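Report on one structure; see the data block that follows.
The values are calculated or read from the model by the stated rules, or taken from the named source; none is laboratory data. If you're wondering where the values come from, they're calculated on a predicted model, not measured in any experiment. Reconstructed Cβ throughout: ideal geometry from the backbone, glycine too, with neighbour counts over all protein chains shown. Surface accessibility is based on the protein's heavy atoms, side chains included, excluding ligands, DNA and RNA. Shrake-Rupley method; radii C 1.70, N 1.55, O 1.52, S 1.80 Å.
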Amino acid sequence: MSINEKPQGFHFARHLDGNGGAEVLEWALLQNGRSHDQVWVHCDYEDAQIQQWLTRQSLDPLVVEAMTAEDSRPRVALFDQGALVGLRGVNKNPDEAMEDMVSLRVWLDPDRIITLSNKPMASIRDIQQQFVQGRGPKTTQGLFSELCDRLEWYVSQMIDDYEDEVELIEQSDLAEDHLRRREAISNLRRRVVTPRRYLAPQRDALSHLSVEPPNWFNERTLMHLKEIRNRLQRHMEDLDAVRDRTVIVQEELQAQVSDQLNARMYIINIFAAIFLPLSFFTGLFGVNLGGIPGAHSAVAFLLFCFCLLVIGVGLMVVFHWKRWF
């Protein structure tokens, strides 16, 4: 492949015009050096040619390695040239779980922003649409803060879906279809784990970036990042609340199932207690030995049955008087 031939992993490049719009830049222009300031480049970090292009961008080798790593967690690292930021976004791709959050690697310096991901991201698409409408960010700093804002907005949507699900489970009749409800609760609890795993370090990364920012960050960007950080903290609390609510519902379901089982076992034990003495007498008089009272009487069997009936009714009266049932 020629060095000027556009690689498959190159998605787009834009030159921000400072008025909410962006000019399309071709791949060949990027190969010829940085001819523009305020440039946004978005690529696939798994593409080998993109990885080679990054090594030619005067970036620290550690930055290139971090941006092309197979897996990454949200973090921030400051360098003399700029800032390396790792983020995660909700997966909005069809037929994929939204909890399978997409990794987004960002290199940000005063004049450009490079974003890398291996899957389409709704937040990237939203910002592109803003540029088409002429109301996009005016600087790379603003683009970065807007990107963080869009990532957070999709997280809030995901948590709203979680809260709706747990509310439906809470309002459902727990007495019906225990197995289905247990599966729904367990599934929701598993889905909550992964987002929280990434949101905590993402909140810490933005907090670190807002507390110890590069010297070329402006005050508006810092305020925006602090607000996003606070919203991420609230989302983590909401995730904890969803998890706690599922635990409560699961405990209530288990308690109800246990109560039903205990009630049934109690009834069985009551009948066992009633028939235990009757079984004793029938077993005693059922032995095939001589000397059994009434063996030669025509009414002995009826009298014996009547006695058993009296004993059974008497036991039921005693149990009822004792409030055992």
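At a glance:
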{"quantity": "Flag for Gln129 being open to solvent by 10 Å² or more (accessible area, probe 1.4 Å) and farther than 22 Å from Lys92 by Cα", "calculated": "no"}
{"quantity": "Verdict on Tyr154 being in contact (Cβ under 8 Å) with a residue 12 or more places away in the chain, open to solvent by 20 Å² or more (accessible area, probe 1.4 Å) and not in a loop (DSSP other than H, G, I, E, B)", "calculated": "yes"}
{"quantity": "Matching residues, segment 243-300, being charged (D, E, K, R) and either within 29 Å of Val313 (Cβ to Cβ) or in a loop (DSSP other than H, G, I, E, B) (or both)", "calculated": "Arg264"}
{"quantity": "Those residues of segment 63-83 which are open to solvent by less than 70 Å² (accessible area, probe 1.4 Å) and within 18 Å of Ile228 (Cβ to Cβ), in sequence order", "calculated": "Pro74, Val76, Ala83"}
{"quantity": "Out of Leu199, Leu188, sole residue that is modelled with pLDDT under 90, farther than 17 Å from Leu84 by Cα, of a type outside the set (Lys, Arg) and assigned to a helix (DSSP H, G or I)", "calculated": "Leu188"}
{"quantity": "Residue, least open to solvent (accessible area, probe 1.4 Å), within segment 240-271, restricted to residues that are more than 25 Å from Leu168 (Cα to Cα) and aliphatic (A, V, I, L, M)", "calculated": "Ile270"}
{"quantity": "Segment 80-93: number of residues that are touching a residue at least 12 places away in the same chain (Cβ under 8 Å) and either over 15 Å from Ile114 (Cα atoms) or touching a His at 6+ places or on another chain (Cβ under 6 Å) (or both)", "calculated": "6"}
{"quantity": "Output for segment 132-144, where each listed residue is in a helix (DSSP H, G or I) and either in contact with a Phe, Trp or Tyr (Cβ under 8 Å, 6 or more places away or on another chain) or surrounded by fewer than 22 Cβ atoms within 10 Å (Cβ to Cβ) (or both)", "calculated": "Val132, Thr140, Gln141, Gly142, Leu143"}
